[in-house]
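S.K.: Starting off with a structure, shown below.
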Amino acid sequence: MKSLSFSLLACSALIGGSSFATEVDSVTYEHISAEPMKIEQRSRTVLGQSYNYPKGIPALYAYSIRIKPGQKTDWHKHEIPFFASIISGSLIVDYGSKGKRTFEKGMSFVEAIDWCHQGYSASNKETVIFGLYLAQLRPNQVKPVACDGPQ
């Protein structure tokens, strides 16, 4: 039970429980430290959009996303909330008419929903992103949807 409690505490820090991450710098439990991650606009996407969790049976899908130096993603959009945290390297995301954003190691954000964008590695080494989809039990939801280019 103690490890479950710690796991829930750590997940709260990762997902960004509203009062936990703002009131406490770090928490020590059984000699293990759980430090909250700063998330840009935790209740809105990086473009300031409101979002809701999908209806249905909830499911989390986590990915280690690796983008080689100079490599670009195809133009795409996400249908559901997608949390991204830059583990190493640097990522530039082109949001078309909404501009470009640069995300460095240690930065976290909720990606735009239903907005066409393209990401690319902005460093001379591989960019690694921890990505977490807040989905329902329908794996096809997590696949980015191709789009024609910037909006």
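S.K.: Give me a count of the residues in region 95-128 that are crowded, with 16+ Cβ neighbours inside 10 Å and either farther than 18 Å from LYS38 by Cα or not assigned by TED's automatic domain parsing to the domain that holds PRO81 (or both).
M.R.: 13
S.K.: Another question about this same structure. Being in contact (Cβ under 8 Å) with a residue 12 or more places away in the chain, within 14 Å of the chain's Cα centre (by Cα) and either on the phi > 0 side of the Ramachandran plot or surrounded by fewer than 19 Cβ atoms within 10 Å (Cβ to Cβ) (or both) narrows it down to one residue among PRO69, PRO81; which is it?
M.R.: PRO81
S.K.: Are any of the residues in region 44-59 assigned to a strand (DSSP E or B) and surrounded by 15 or more Cβ atoms within 10 Å (Cβ to Cβ)?
M.R.: Scanning region 44-59, I find at least one residue that is assigned to a strand (DSSP E or B) and surrounded by 15 or more Cβ atoms within 10 Å (Cβ to Cβ), so the answer is yes.
S.K.: Also, I was wondering about something else. Taking region 121-146, which residues are of a type outside the set (A, V, I, L, M, F, W, C) and within 15 Å of the chain's Cα centre (by Cα)?
M.R.: THR127, GLY131, TYR133, LYS143, PRO144
S.K.: Just give me the residues in region 26-41 being in a loop (DSSP other than H, G, I, E, B), of a type outside the set (S, T, N, Q) and under 19 Å from SER108 (Cα atoms), in sequence order.
M.R.: Within region 26-41, GLU35, PRO36, MET37, LYS38, ILE39 meet the criteria.
The values are calculated or read from the model by the stated rules, or taken from the named source; none is laboratory data. Predicted model, so just to flag it, every value in this text is computed and none were measured. No Cβ is skipped: glycine too gets one built from the backbone with ideal geometry, and neighbour counts run over all protein chains shown.
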